[in-house]
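Participant: I'd like to ask some things about the structure below.
The values are calculated or read from the model by the stated rules, or taken from the named source; none is laboratory data. On a predicted model such as this, the values are computed, not experimentally measured, just so you know. Note that we place each Cβ from the backbone using ideal geometry, even for glycine, and neighbour counts take in every protein chain shown. Accessible surface areas use protein heavy atoms only, side chains included; no ligands, DNA or RNA. Shrake-Rupley method; radii C 1.70, N 1.55, O 1.52, S 1.80 Å.
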Amino acid sequence: RIQKLLNRSKKNKEVQAHRIQKLLNTKWMPVYQKPPQPYLPWPENCESVAAPVETVPTEKMWLASYSKRLVDGDVHSSDIKKLFGWLNEVSVKDVGLQLRMLSSTFEKKQLQQNEAQTKSGDEKEVVKMSSLRQKYSSEIGRIYHILNSIESEYEMEVIQSILHQSPWLWMGDGFVSSDHVAYSSSINAHPYLFTVPPDLACYRNLLSAFNIRDTFGSSDYCLVLNRMAKDTKSDKVHVWGARQVELAVNLVQKISDDVLRLKDLEIYAPTEDGQMEVVNKLVYDDAPWLSK
């Protein structure tokens, strides 16, 4: 008889576990269909309900708004929160994807507001961009902290795969990719190369996983000259001015002692009219009095 009671208890537990799993995986939980804050990463075509296992509460929205659905409502019971998994840490995969999509969302918002300002000339667009930067600056540290705390080699490889070739380092006014960043630089090559800002330097574990260098080399400066040459031939030509010419001259001077190592790369230099040209097509005016 005791065995029979034990078997019945075991069966009841199995039935209860099955019902709980069905509850967790059935779409019934009310969720936001539009982002509750304007700058959140957000997927397209969100339904009005989702399975609890696919949701997070709104206090975690800046960590997982792209990959998880946000619960539309307040839940105060700790037992329910535990049952739905809301007390668990957001997975590093979701956090890494959130970081990638924060970068993508910022770029889109910046383009939209730049176009709106160009058309209307309204200074309100400048205020919106300032608000956007402030919000990202206040939230993104939590993401870096989580990713920097990763100890598993596998999880770090997952993050490296998610962020590969993506601009994910926040410079305070925009995102840049890790191959454009070093801890120090002898030349201010902004907006092409960047140094690690003080508020990011503490995330050494994360930065080392992406091979952030101590400083830039001649090949980096050569690639900047190449990018500057492309800019002068694109619609960005209107931003080309004395600052860019000065930067190009400084970069050419910087790599001049290392030019033999760069023989397989095209090296660009500024011309007297402020354009960029491959150096083997340029000549040095050693008799300026004849050209006047």
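Participant: Please calculate how many Å² of accessible area the chain carries per residue, with a 1.4 Å probe and no DNA, RNA or ligand atoms counted. Mind dumping the intermediate values first?
Facilitator: Working: 18500 Å² over 292 residues.
Here the per-residue accessible area is 63 Å².
Participant: About its Cα centre, how strong a charge dipole does segment 87-187 have in debye, to the nearest 20, once Lys and Arg get +1 and Asp and Glu get -1 at the Cβ?
Facilitator: Values: 10 positive and 14 negative charges, 90 e Å.
Using only the charged Cβ atoms, the result is roughly 440 debye.
Participant: With the crude spin-label approximation of a point 7 Å out along Cα→Cβ, what separation in nm comes out for residue 44 versus residue 134?
Facilitator: Each label point is offset 7 Å from its Cα along the Cβ direction, giving 3.3 nm.
Participant: If you don't mind, another one. Ratio to report: Rg/Rh of segment 169-239, with Cα atoms as the point set and Rh obtained by the Kirkwood method; give two decimals. Write down the numbers at each step before the final one.
Facilitator: On the way: Rg = 13.1 Å, Rh = 13.1 Å.
Radius of gyration over Kirkwood radius for segment 169-239 works out to 1.00.
Participant: Compare the peptides 183-196, 37-50 by average per-residue count of other Cβ atoms within 10 angstrom and give them in order, highest first. Before the final figure, lay out the partial values.
Facilitator: Numbers: 183-196: 15.9, 37-50: 14.1.
Put in order of decreasing packing, that is 183-196, 37-50.
Participant: May I ask for the net charge around residue 137, where only other residues with Cβ less than 12 Å from the Cβ of residue 137 are counted and Lys, Arg are +1 while Asp, Glu are -1? Spell out each step's value before the answer.
Facilitator: Values: positive: 133, 135, 142; negative: 139, 173, 199.
Taking every other residue near residue 137 into account, the sum is 0.
Participant: Explain nothing, just the number: dipole magnitude of segment 136-205 about its Cα centre with +1 on each Lys and Arg Cβ and -1 on each Asp and Glu Cβ, in debye rounded to the nearest 20.
Facilitator: I would put it at about 200 debye.
Participant: Convex hull volume of the Cα atoms in segment 26-140, per residue, in Å³? Please list the in-between numbers first.
Facilitator: On the way: hull volume 12.8 nm³, N = 115.
Roughly 111 Å³ of hull volume per residue.
Participant: When you take every Cα atom in the chain, what is the radius of gyration, and what is Dmax, the widest Cα pair distance, in Å?
Facilitator: That works out to 26.7, 115 Å for Rg and Dmax.
Participant: Sticking with this structure for a sec: Calculate for the chain the 222 nm mean residue ellipticity that helices alone would give, adding -39,500 (n - 2.57) per DSSP H run of length 4 or more and normalising by residue count, nearest 500 deg cm²/dmol. Each step should come with its number before you reach the end.
Facilitator: Working: 10 runs with 138 residues, N = 292.
Rounded to the nearest 500, it is -15000 deg cm²/dmol.
Participant: About its Cα centre, how strong a charge dipole does the chain have in debye, to the nearest 20, once Lys and Arg get +1 and Asp and Glu get -1 at the Cβ?
Facilitator: Values: 37 positive and 37 negative charges, 456 e Å.
The calculation lands at about 2180 debye.
Participant: Leaving out ligands, DNA and RNA, what percent of the accessible area of segment 109-180 is carbon and sulfur, probe 1.4 Å? Spell out each step's value before the answer.
Facilitator: Working: 1980 of 4230 Å².
In segment 109-180, the share of accessible area belonging to carbon and sulfur is 47 percent.
Participant: To continue, here is another question. Report the calculated FRET efficiency for residue 246 and residue 117 (r = Cβ-Cβ distance, R0 = 35 Å), to the nearest 0.05.
Facilitator: On the way: r = 27 Å, r/R0 = 0.78.
So, using R0 = 35 Å, E works out to roughly 0.80.
Participant: Mind checking the full-extension length gain between residue 188 and residue 26? Use 0.36 nm per residue of separation minus the Cα-Cα distance, one decimal, nm. Can you show the working numbers first?
Facilitator: On the way: separation 162, 0.36 × 162 = 58.32 nm, distance 5.48 nm.
Here the answer is 52.8 nm.
Participant: Of the options 65, 48, 75, report the single residue whose Cα projects farthest towards the positive end of the charge dipole of segment 37-76 (beta-carbon charges: Lys, Arg +1; Asp, Glu -1).
Facilitator: 65
Participant: A follow-up question, please. Positive end of the charge dipole of the chain (Lys, Arg +1 and Asp, Glu -1 on Cβ, about the Cα centre): tell me which of 112, 216, 90 has its Cα farthest that way.
Facilitator: 90
Participant: How far is it, in nm, from the label point at residue 18 to the one at residue 77 when both lie 7 Å from their Cα along the line to the Cβ?
Facilitator: Calculated label separation equals 2.3 nm.
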